[in-house]
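Peer 1: This is the structure I have questions about; it appears just below.
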Amino acid sequence: MKPIRLLAIDVGTQSARAIVFDAQGRLLAKAQTAIDPVYLSPHPGWAEQDPEIYWQAVVASCQALWTQGGVRPDEISGLTLTTQRDTMVCVDAAGKVLRPAIVWLDQRRCESPPDLGGLWNLAFRLAGATQLVKHMQAEAEANWLAQHEPQLWRSTDKFLFLSGWLSHRLVDSYVDSTGCQVGYVPFDYKRLDWASPRDFKWKALAIRPQQLPRLVPPGHELGRLSASSRARQLGLPAGIPVIAAAADKACEVLGCGVVEPQVAQLSFGTTATINTTQSRYIEVQRLLPAYPAAVPGAYNTEIQIFRGFWMVSWFKREFAHREQSLAREMGVAVESLFDDLIKQVPAGSMGLTLQPYWSPGVRNPGPEAKGAIIGFGDVHTRAHLYRAIIEGLVYSLRAGREQIERRTGKKIRRVVVAGGGSQSDQAMQITADVFGLTVERPEIYETSALGAAINLAVGLGVHPDYPAAIEAMTRIGSRFEPRADAWEIYDALYREVYQPLYPRLRPLYKKIRGITGYPA
């Protein structure tokens, strides 16, 4: 009998990975290709990328797999794809890319969105949602294109997430997963389908229904690998099944085995998040949607800290010149030396407290939000600052946990953490101490790819359902238990210092914004 070989392609912001798993979730082979993080940015705040760069990184990663020799192309049972969210591609009727993709980090805004009309404007004003809808319209890439590149927008036959564009390369059909629809498109998050014709989103967004791809749920077939010359670049036999997965964050939740409503998954990535998986649609923050989960028909109650563990990169750039020099001498990643900084400082950073709103939010925090660090004294060093960064991020995730608990009426009993920052034992221990719960780290680091492989395994019938696939393919590697003395300090600092910080500083943030115009 032919062994099961599951190929998951994971296209992130900084690299594309091709990873092969077996039916038990064991990683058999992996190849990774870096993606140049220097974006095409003709204006400050723009982030654009030629989508061909993503495809070539996928091709290079697959070709590298076969040269390693551990797995042959003819052994692959099927493949699946997970990608970064909200990176948009425009193509014409011939399938030609019309402009660079607008990457999720892009900060441009539409100043003249479509007019909703008097009735919708009145309805949103009565619902207290006017500013939220204006934010959506301003952030929507389609509205910016319609305003600033109208001729190109009229020529755009298909407007696709990166996942949809890459799927077209694989199966030669415009099709995408419902689990990838996270962004400013007319998607009905509750119904997990394109919005109905009478939905306000069709008026709020300059998108035509025919510009959008066909959708299928995660775990269902997108198509068969095309025999086209482009698909042949992967080195795989034509005709193997291509199964829908979901966006990278949703796949990461699934790859951590988090499908029960009382288990939380934390992502320590560029954008830090806390997620639970729910079987019913729940808006943790009113009028802000729950996102599609990688399990079909389920929802992720995601709360984001936009800059998240990007702040570690910020610290490295601005304050860690000594560690960078030492890391070069030792031939190791500079981040691996940061745990030594944390060890020098007691829990609570001797009162130094950080609020991690380095980027403004939508509602809580609002658009006026800024970061803050309070409690400085002459005893504080770079080490205290670094520990305060990690503590502040985890405080904000704890606040997200409490929001989720209030809305769902269910207490979170267990926490699983993934993402680059989870590789720090000290960050994991701080998380356990701040949350007052056992915190677990999966055995495998590549949880997004593993989640996609679980979708693939169920889609191929390797496992009969998601509970069986999760049982077989996910495992916990390490556990961190909360320490009573640290929990006591953190709980007091969180409730008595961190929680009051934003409400008290918010009026000052508004004044700063009014005086300086930043953030816009």
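The values are calculated or read from the model by the stated rules, or taken from the named source; none is laboratory data. Computed from a predicted model, the values in this text were never measured in an experiment. With ideal geometry, Cβ positions are generated from the backbone for all residues, glycine too; neighbour counts draw on all protein chains shown. Remember, those area values only see protein heavy atoms, side chains included, never the ligands or the DNA or RNA. Shrake-Rupley method; radii C 1.70, N 1.55, O 1.52, S 1.80 Å.
Peer 1: Given the residues Arg232, Arg198, which is the only one that is over 25 Å from Leu287 (Cβ atoms), of a type in the set (D, E, K, R) and surrounded by fewer than 16 Cβ atoms within 10 Å (Cβ to Cβ)? Working first, answer last.
Peer 2: Numbers: Arg198 fails: over 25 Å from Leu287 (Cβ atoms).
Result of the check over Arg232, Arg198: Arg232.
Peer 1: Which of the residues belonging to the range 213-229 are over 18 Å from Ile76 (Cβ atoms) and open to solvent by 20 Å² or more (accessible area, probe 1.4 Å)?
Peer 2: Scanning the range 213-229 gives Arg214, Leu215, Pro217, His220, Ser229.
Peer 1: Quick one: which residue in Trp165, Trp144 is modelled with pLDDT of 95 or more, of a type in the set (Phe, Trp, Tyr), surrounded by 21 or more Cβ atoms within 10 Å (Cβ to Cβ) and out of contact with any helix residue (DSSP H, G or I) (no Cβ under 7 Å at 6 or more places or on another chain)? Lay out the reasoning, then the answer.
Peer 2: Details: Trp165 fails: out of contact with any helix residue (DSSP H, G or I) (no Cβ under 7 Å at 6 or more places or on another chain).
Among Trp165, Trp144, only Trp144 is modelled with pLDDT of 95 or more, of a type in the set (Phe, Trp, Tyr), surrounded by 21 or more Cβ atoms within 10 Å (Cβ to Cβ) and out of contact with any helix residue (DSSP H, G or I) (no Cβ under 7 Å at 6 or more places or on another chain).
Peer 1: If you don't mind, there's one more thing I want to ask. Take Pro209 and tell me if it is crowded, with 17+ Cβ neighbours inside 10 Å and not aromatic (Phe, Trp, Tyr).
Peer 2: Values: crowded, with 17+ Cβ neighbours inside 10 Å: no; not aromatic (Phe, Trp, Tyr): yes.
Judged against the criteria, Pro209 is not a match.
Peer 1: Could you tell me whether the range 153-162 includes any residue that is surrounded by fewer than 21 Cβ atoms within 10 Å (Cβ to Cβ), assigned to a loop (DSSP other than H, G, I, E, B) and modelled with pLDDT of 95 or more? Spell out how you get there, then give the answer.
Peer 2: Of all residues in the range 153-162, those surrounded by fewer than 21 Cβ atoms within 10 Å (Cβ to Cβ) come to 154-155, 157-158.
Adding the requirement that they be assigned to a loop (DSSP other than H, G, I, E, B) leaves 157.
Imposing the further condition that a residue be modelled with pLDDT of 95 or more reduces the set to 157.
Checked the range 153-162: at least one residue is surrounded by fewer than 21 Cβ atoms within 10 Å (Cβ to Cβ), assigned to a loop (DSSP other than H, G, I, E, B) and modelled with pLDDT of 95 or more.
Peer 1: Quick check on my filter: what residues within the range 414-451 are farther than 17 Å from Gly257 by Cα and not polar (S, T, N, Q)? Show your work before the answer.
Peer 2: Of the residues in the range 414-451, the ones farther than 17 Å from Gly257 by Cα are 420-421, 423-437.
Correct list: Gly420, Gly421, Asp425, Ala427, Met428, Ile430, Ala432, Asp433, Val434, Phe435, Gly436, Leu437.
Peer 1: Which residues, counting only those in the range 346-371, are modelled with pLDDT of 95 or more and open to solvent by 10 Å² or more (accessible area, probe 1.4 Å)?
Peer 2: Scanning the range 346-371 gives Pro346, Ala347, Met350, Gly351.
Peer 1: Say whether the condition of being under 20 Å from the mean Cα position of the chain (by Cα) and modelled with pLDDT under 95 is met by at least one residue in the range 16-23.
Peer 2: Of the residues in the range 16-23, the ones under 20 Å from the mean Cα position of the chain (by Cα) are 16-19.
Those still in the list that are modelled with pLDDT under 95 too: none.
The answer is no, given that none of the residues of the range 16-23 is under 20 Å from the mean Cα position of the chain (by Cα) and modelled with pLDDT under 95.
Peer 1: Cβ-Cβ under 7 Å, sequence separation 6+ or interchain: first residue in the range 508-520 and at pLDDT 90 or above, partner not in a helix (DSSP H, G or I). Which pairs?
Peer 2: Filtered contacts from the range 508-520: Tyr509/Glu368; Tyr509/Ala369; Tyr509/Lys370; Lys510/Glu368; Ile512/Lys370.
Peer 1: State all residues of the range 177-195 that are open to solvent by 30 Å² or more (accessible area, probe 1.4 Å) and of a type in the set (Ser, Thr, Tyr); if no residue qualifies, say none.
Peer 2: Tyr184 - this is the single residue of the range 177-195 that is open to solvent by 30 Å² or more (accessible area, probe 1.4 Å) and of a type in the set (Ser, Thr, Tyr).
Peer 1: Additional query: Filter the range 285-308 down to the residues that are buried (at least 22 other Cβ atoms within 10 Å of the Cβ) and touching a Leu at 6+ places or on another chain (Cβ under 7 Å), then identify the one that is nearest to Phe338 (Cα to Cα).
Peer 2: Gly308
Peer 1: Okay, moving on. Please enumerate the residues belonging to the range 92-112 that are in a loop (DSSP other than H, G, I, E, B), open to solvent by less than 40 Å² (accessible area, probe 1.4 Å) and closer than 30 Å to Gln304 by Cα. Before the answer, list the steps.
Peer 2: To start, the set of residues in the range 92-112 that are in a loop (DSSP other than H, G, I, E, B) comprises 92-96, 98-100, 103-112.
The next check asks that each one be open to solvent by less than 40 Å² (accessible area, probe 1.4 Å); those that pass are 92, 95, 99, 103, 106, 108, 110.
Once the filter is applied, which keeps residues that are in a loop (DSSP other than H, G, I, E, B), open to solvent by less than 40 Å² (accessible area, probe 1.4 Å) and closer than 30 Å to Gln304 by Cα, the range 92-112 yields Arg99, Val103, Asp106, Arg108, Cys110.
Peer 1: Let me ask another. I'm trying to understand the selection: among the residues of the range 465-520, which are of a type in the set (S, T, N, Q) and either surrounded by 14 or more Cβ atoms within 10 Å (Cβ to Cβ) or touching a His at 6+ places or on another chain (Cβ under 8 Å) (or both)? Can you show your working first?
Peer 2: Let us first name the residues in the range 465-520 that are of a type in the set (S, T, N, Q), namely 474, 478, 499, 516.
Across the range 465-520, the qualifying residues are Thr474, Gln499.
Peer 1: Let me ask something else. Restricting to the range 401-455, count the residues that are within 20 Å of Thr301 (Cα to Cα), open to solvent by 20 Å² or more (accessible area, probe 1.4 Å) and among the polar types (S, T, N, Q).
Peer 2: 1
Peer 1: I'd like to check something: does the range 253-262 contain any residue that is at positive phi and either touching a residue at least 12 places away in the same chain (Cβ under 8 Å) or within 20 Å of the chain's Cα centre (by Cα) (or both)? Talk me through it step by step, then tell me what you get.
Peer 2: Applying the first criterion (at positive phi) to the range 253-262 yields 257.
Checking which are either touching a residue at least 12 places away in the same chain (Cβ under 8 Å) or within 20 Å of the chain's Cα centre (by Cα) (or both) leaves us with 257.
Yes, because at least one residue in the range 253-262 is at positive phi and either touching a residue at least 12 places away in the same chain (Cβ under 8 Å) or within 20 Å of the chain's Cα centre (by Cα) (or both).
Peer 1: Which residue pairs have Cβ atoms closer than 7 Å, lie 6 or more positions apart in sequence or on different chains, and pair a first residue in the range 415-436 that is more than 21 Å from Ala250 (Cα to Cα) with a second residue that is open to solvent by less than 10 Å² (accessible area, probe 1.4 Å) and of a type in the set (Lys, Arg)?
Peer 2: none
Peer 1: Would you check which residues across the range 66-96 are under 20 Å from Ile454 (Cα atoms), within 28 Å of the chain's Cα centre (by Cα) and not charged (D, E, K, R) and list them?
Peer 2: Residues satisfying the conditions are Ile76, Ser77, Gly78, Leu79, Thr80, Leu81, Thr82, Thr83, Gln84.
Peer 1: Any residue in the range 101-124 that is at positive phi and within 28 Å of the chain's Cα centre (by Cα)?
Peer 2: From the range 101-124, those at positive phi are 117; that's our starting set.
After this cut, where a residue has to be within 28 Å of the chain's Cα centre (by Cα) as well, the list is none.
Checked against the condition, which is being at positive phi and within 28 Å of the chain's Cα centre (by Cα), the range 101-124 yields no hits at all.
Peer 1: Also, quick follow-up: Cβ contacts < 8 Å: first residue touching a residue at least 60 places away in the same chain (Cβ under 8 Å), restricted to the range 83-100; second residue in a loop (DSSP other than H, G, I, E, B) and among the aromatic types (Phe, Trp, Tyr), any location; separation 6+ or different chain. Result?
Peer 2: These pairs meet every condition: Gln84/Trp104; Arg85/Trp104; Asp86/Trp104; Asp86/Tyr184; Thr87/Trp104.
Peer 1: Right, another one. Any residue at all in the range 259-269 that's among the hydroxyl-bearing types (Ser, Thr, Tyr), more than 30 Å from Leu192 (Cβ to Cβ) and open to solvent by less than 50 Å² (accessible area, probe 1.4 Å)? Let's see the steps before the verdict.
Peer 2: Here is the first cut: in the range 259-269, the ones among the hydroxyl-bearing types (Ser, Thr, Tyr) are 267.
Then keep just the ones that are more than 30 Å from Leu192 (Cβ to Cβ); that gives none.
Among the residues of the range 259-269, not one is among the hydroxyl-bearing types (Ser, Thr, Tyr), more than 30 Å from Leu192 (Cβ to Cβ) and open to solvent by less than 50 Å² (accessible area, probe 1.4 Å), which makes the answer no.
Peer 1: Here's something else I'd like to know. Find the strands (runs of 3 or more DSSP E) located wholly in the range 1-91 whose residues include 1 or more that are open to solvent by 60 Å² or more (accessible area, probe 1.4 Å) and in contact with a Lys or Arg (Cβ under 8 Å, 6 or more places away or on another chain), and list them. Before the answer, list the steps.
Peer 2: Details: elements: 6-11, 15-21, 27-34, 78-83, 88-91.
Correct list: 27-34.
Peer 1: With respect to Ala204, determine if the residue is among the small types (Gly, Ala, Ser) and crowded, with 19+ Cβ neighbours inside 10 Å.
Peer 2: Numbers: among the small types (Gly, Ala, Ser): yes; crowded, with 19+ Cβ neighbours inside 10 Å: yes.
Yes.
Peer 1: Hey, which of the helices (runs of 4 or more DSSP H) in the range 422-520, taking only ones fully inside, have at least 2 residues that are in contact with a Cys (Cβ under 9 Å, 6 or more places away or on another chain) and more than 30 Å from Arg387 (Cβ to Cβ)? Working first, answer last.
Peer 2: Numbers: elements: 425-435, 447-460, 466-473, 484-493, 499-516.
Those helices (runs of 4 or more DSSP H) span 447-460.
Peer 1: Given the criterion touching a Pro at 6+ places or on another chain (Cβ under 8 Å) and at pLDDT 95 or above, identify the matching residue among Pro218, Pro150. Break it down stepwise before answering.
Peer 2: Values: Pro150 fails: touching a Pro at 6+ places or on another chain (Cβ under 8 Å).
After applying the criteria, what remains is Pro218.
Peer 1: Look at the range 187-211 and say how many of its residues are assigned to a loop (DSSP other than H, G, I, E, B) and under 20 Å from Thr301 (Cβ atoms).
Peer 2: Let us first name the residues in the range 187-211 that are assigned to a loop (DSSP other than H, G, I, E, B), namely 189-192, 195-200, 205-208.
Those left that are additionally under 20 Å from Thr301 (Cβ atoms): 189-192.
Residues flagged as assigned to a loop (DSSP other than H, G, I, E, B) and under 20 Å from Thr301 (Cβ atoms) within the range 187-211 amount to 4.
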